[in-house]
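Taking it in order: structure first as structure tokens, then the write-up.
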Amino acid sequence: MSENDRATSAGQILEILRAAAGPVGGPELARRLGISRAAVWKNVRALVSRGYGISSENASGYRLESPSPRLLPAEIAQRLRTARIGRIVHHFDSIDSTNRHAMELARRGAVEGEVVIAESQTAGRGRLGRSFFSPSGVSFYGSIVLRPPIPPARAPQITLIAGLAVAEAVERHSGMRPGLKWPNDVWLGPLKVAGILTEMESEADRVLYVVCGPGVNLNVPREDFPPELRAIATSILASTGKHVDRAAFAADLFSSFERHYDDFVAHGFARIRDRWEAYSMLTGRWVSVEGAGGEAEGRVVGIDDEGGLRLESARGRVQRAIAGDVTLKKEPARTSR
């Protein structure tokens, strides 16, 4: 029996047990799937190894007691409401970087909406070359392959779309209103709960593919964060005491992302701007933005139709930042004239 056949048989057994009102006998599973009883047993053991709680009683058969806590494609598919995003999931127990692997899949022809998910990352990456804390089995680390029909200059707007989708999913699963920190962070209270890394391959006038990788801290206990991160990072569990169903979170995230992404492709970022600004934690705050063109400082008055951050200086002049690292600052004292 090939690996694909084994995966198919295990999936079929899972669906039968999921739908059954009671235990299902081994001979019945063998008959329905056209495989041997020994093959049934091996497939059930494979499901158990993936974290599914399956009880076995010789007289009555197998019963599904609990779903797997891992972010398995079958668990996400049970909750998915999308047309494309998340319909094909590549799952890894551990990987260096979901973005790196998704970029490789995109180069080899992956279709739009394919997702790479890992239980842990050994070399998770954030913006500006920073590392991303990626402990095993407690959070969401995923990268989505996209093929938007847009010029390269518009690709950074996809980061904002992903941030909006993450914020909506975090709000639904935490019961708290998160904040968006332009351009790629999501905060819960005074601490960062998620970040997004977006990468692309393009030609002069068109995007070949984009990989958008959200990383969201879900069930990380406060004490498990490294000491240097405890003052700046949080998880939904650490902030609310609520344990998040990771598969349900992933499905919600994909649903929100697909809705906003489709609007963006059809109508442009202007269609999304008000939704994003409703979560903005920077509007009205004094900030500095350090980018390739130097440092800009001012009060945030919103974002524009292209996703740029609008800053009003102390003299009332509005300038625009298109990329950079944002730091909250104390507003300078006004001088009398």
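The values are calculated or read from the model by the stated rules, or taken from the named source; none is laboratory data. If you're wondering where the values come from, they're calculated on a predicted model, not measured in any experiment. Neighbour counts are summed over all protein chains in view; Cβ atoms, including those assigned to glycine, are modelled from backbone coordinates with ideal geometry. These accessible areas exclude ligands, DNA and RNA; they are computed on the full protein's heavy atoms, side chains included. Shrake-Rupley method; radii C 1.70, N 1.55, O 1.52, S 1.80 Å.
Before moving on, here are some points about what is shown:
- Rolling a 1.4 Å probe across the protein heavy atoms gives the range 69-206 an accessible surface of 40 Å² per residue.
- Pairs of Lys in the chain closer than 29 Å at Cα, counting only those 8 or more apart or on different chains: 7
- Volume in Å³ per residue [convex hull over Cα atoms, computed for the range 228-326]: 150
- Both radii are taken from the alpha-carbon atoms of the range 175-241; with Rh as the Kirkwood radius, Rg/Rh is 1.13.
- Three-way shape label, the range 72-147, alpha-carbon gyration tensor, a/c 1.5: oblate
- Degrees separating the helix 3-19 axis from the principal Cα axis of the chain, which is the longest one: 90
- Dipole of the range 210-337, positive direction: furthest Cα of Thr283, Ala250, Ala321, with charges on the beta-carbon: Thr283
- Cα long-axis angle, helix 37-49 against the chain (0 to 90 degrees, to the nearest 10): 30
- Rg/Rh (Cα only; Kirkwood hydrodynamic radius) as it applies to the range 48-95: 1.10
- In degrees, nearest ten, helix 157-174 long axis to first principal axis of the chain (Cα): 60
- Bins of 10 Å from zero: percent of alpha-carbon pairs in the chain: 5, 23, 29, 22, 12, 6, 2, 1, 0, 0
- Selection from Ser56, Pro151, Phe225 lying farthest towards where the dipole of the chain points positive, charges on Cβ: Phe225
- Nearest-20 debye value, the range 154-238 charge dipole, Cβ charges on Lys, Arg, Asp, Glu: 340
- Size check on the range 8-80: the Cα extents along the three principal axes, sorted descending, read 32, 21, 21 Å.
- Listed residues Ala251, Ala296, Ala21, most fluctuating in the chain (Gaussian network, C-alpha, under 10 Å): Ala21
- Rounded, prolate or oblate (a/c below 1.5 giving rounded, otherwise prolate when a/b exceeds b/c) for the range 79-206 by Cα gyration tensor: rounded
- Average accessible surface for the range 234-337: 52 Å² per residue, computed with a 1.4 Å probe over protein heavy atoms with every protein chain in place.
- Ordering 72-80, 196-204, 223-231, 56-64 by mean Cβ neighbour count within 10 Å, with the highest value first, yields 72-80, 196-204, 56-64, 223-231.
- As an equivalent ellipsoid, the range 135-194 spans semi-axes of 23, 15, 10 angstrom, where each value is the square root of five times an eigenvalue of the C-alpha gyration tensor, largest first.
- Using 0.36 nm per residue and subtracting the Cα-Cα separation, the extra length available between Glu201 and Arg172 on full extension is 7.1 nm.
- Highest mean first, the peptides 205-216, 106-117 sorted by other C-beta atoms within 10 Å per residue fall in the order 205-216, 106-117.
- MRE, 222 nm, helices only [DSSP H, n ≥ 4, -39500 (n - 2.57), over the chain, to nearest 500]: -9500 deg cm²/dmol
- Apportionment of accessible area to carbon and sulfur, the chain, percent (1.4 Å): 49
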